[in-house]
1. Which of the residues belonging to the range 30-52 are more than 21 Å from the chain's Cα centre (by Cα) and part of a helix (DSSP H, G or I)?
2. Quick check on THR98: is it in contact with an Asp or Glu (Cβ under 6 Å, 6 or more places away or on another chain) and either part of a loop (DSSP other than H, G, I, E, B) or open to solvent by less than 10 Å² (accessible area, probe 1.4 Å) (or both)?
3. Just to be sure, is GLY175 surrounded by fewer than 24 Cβ atoms within 10 Å (Cβ to Cβ) and touching a Pro at 6+ places or on another chain (Cβ under 7 Å)?
4. Residue pairs, Cβ under 8 Å, 6 or more apart or interchain, first in the range 169-183 and closer than 15 Å to PHE331 by Cβ, second among the hydroxyl-bearing types (Ser, Thr, Tyr) and assigned to a helix (DSSP H, G or I). List them.
5. Would a scan of the range 206-223 turn up a residue that is without any contact (Cβ under 8 Å) to a residue 24 or more places away in the chain, within 18 Å of the chain's Cα centre (by Cα), closer than 22 Å to ARG324 by Cα and not in a helix (DSSP H, G or I)?
6. For the range 76-84, does any single residue satisfy the condition of being at pLDDT 95 or above and not aliphatic (A, V, I, L, M)?
7. For the range 180-203, enumerate the residues that are open to solvent by 20 Å² or more (accessible area, probe 1.4 Å) and outside any loop (DSSP other than H, G, I, E, B).
8. Within the range 73-90, identify whether any single residue is open to solvent by 60 Å² or more (accessible area, probe 1.4 Å), farther than 17 Å from VAL23 by Cβ and either of a type in the set (A, V, I, L, M, F, W, C) or assigned to a loop (DSSP other than H, G, I, E, B) (or both), and answer yes or no.
Amino acid sequence: MFKTLRTALLASLALTTPALAEVNIYSYRQPELIQPLMDRFTQETGIPVNIAFLKKGMIEKLRAEGKRSPADLIFTVDIARLSAVVNADLTQPVTSDTLTANIPADLRDPDNQWFGLTTRARVVFASKDRAPEGVATYDELADPKWNGRICTRSGTHAYTVALVSAAIYHMGEEGAKTWLQGVKANLARKPQGNDRAQVKAVWAGECDIALGNTYYMGKMLNNPEQVPWAESVNVVFPVFKNGGTHVNVSGMALAKFAPHRDDAIRLMEFLASPEAQEIYAEQNFEYPVAPGTKPSELVASWGTFTPDPVNLMEIAKLRPAALRIIQEVDFDG
C-alpha cells in the first residue's frame, strides 16, 4: 500500500515539477553549422543546448513520440519542410515582440508557427569564359540559345520544387509548365548531383550555366579541392518578371509539446538578435534577416539583389502543383 502511494506521489511530482533548464533541438541542419551560436547562448544564459541531427524522418519521429517528445525546437531549411511540420500539427505559435521586430513579415508564418533565420538565393552560376553574362531573368533559362548548356539537380529536390512553385506564382500553372519544358530541353545532361556538382560540371565544360544556392559558393571557396570550380563561374542573380530573385529560408519552430518552452523561446529570441544573426549567417554563408544586419564580406562580394517579395507561405502552398508539373514534364527523365 505504502509503495503504491509513494509511486503515485512521485508520478504527481514528476508532472508538477518544472523541467530543468535546457533546450533540445531536432535539426535538419548539421550540428557544426549551428553549434557556435548554441555555445554562445549557453555562455550568456547558462542554459545548455542539445542538438539531435536528423537526416530525414523528422515528422514521423515527432508523431511517434507525441507528448513524450523531448524536442523543444525544430530547425530545418526550405519553406516546404517548415510548412510540412506546421501542417502536421507538430508546432505551436509563439507571440514575441522580439521575433516580430527582428524577422520580416514575409519571412515568418502569418500565424507565428515558424520564423526564418537566414535566407539564400537561388542563382545562376555562369562560366566566366563561355557565358559571363548568365541570364537576367529565370524566364531566359527556357530560351533555345541555352540548348545543351544548362546543368541542374533533380527536379524533385526541395530546392527545385520551390523554384518551380515560385514560377507558378509568377507565370501561372500553364506558363510554368511551358517554361519548365523549355528548361528541360536546354539541359546538357540528366539532372543529377547536388549544387556543387553543377558548378563542377561548368568548370569541366559539361555545361555553361547551372542553378544553385548562393551559400554553396562559400562552401566551395573554403574547400581547397573545390576552389577552382568556384573561381570558374560568376554568381548571377536572375529575377522573375515583375518580381525579384527567388529566395528560400532556413528557419525554426517551437515544437508542439516543448518541455522547456520558456527556455526555447529565449533561444529563439537570441537567434533573432542582430548580433546572433550576423554570426549565424556568416557561419553558413547565408543572408541575415534582421533589419540593419549585413552579410559577411565574402557573401557581399557576390553582388546585391532584390529578393522576390512574395511571402514564402504562398510558395509553399504551390508545392503540390509544382510536383505535378515536374512529373508531367518528366523533368528527370
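The values are calculated or read from the model by the stated rules, or taken from the named source; none is laboratory data. Keep in mind it's a predicted model, so treat the numbers as computed, not measured. Cβ: placed from backbone, ideal geometry, glycine included. Neighbour counts: every protein chain shown. For the accessible areas, the whole protein counts, side chains as well, though only heavy atoms, and no ligand, DNA or RNA atoms are used. Shrake-Rupley method; radii C 1.70, N 1.55, O 1.52, S 1.80 Å.
1. Once the filter is applied, which keeps residues that are more than 21 Å from the chain's Cα centre (by Cα) and part of a helix (DSSP H, G or I), the range 30-52 yields ASP39, ARG40, PHE41, THR42, GLN43, GLU44, THR45.
2. no
3. no
4. Matching pairs, first to second residue: TRP179/TYR138.
5. No, that holds for no residue.
6. Filtering the range 76-84 down to residues at pLDDT 95 or above leaves none.
Taking every residue of the range 76-84 in turn, none turns out to be at pLDDT 95 or above and not aliphatic (A, V, I, L, M).
7. Matches in the range 180-203: GLN181, LYS184, ALA185, LEU187, ARG196, ALA197, LYS200, TRP203.
8. So far as the range 73-90 goes, yes, one or more of its residues are open to solvent by 60 Å² or more (accessible area, probe 1.4 Å), farther than 17 Å from VAL23 by Cβ and either of a type in the set (A, V, I, L, M, F, W, C) or assigned to a loop (DSSP other than H, G, I, E, B) (or both).
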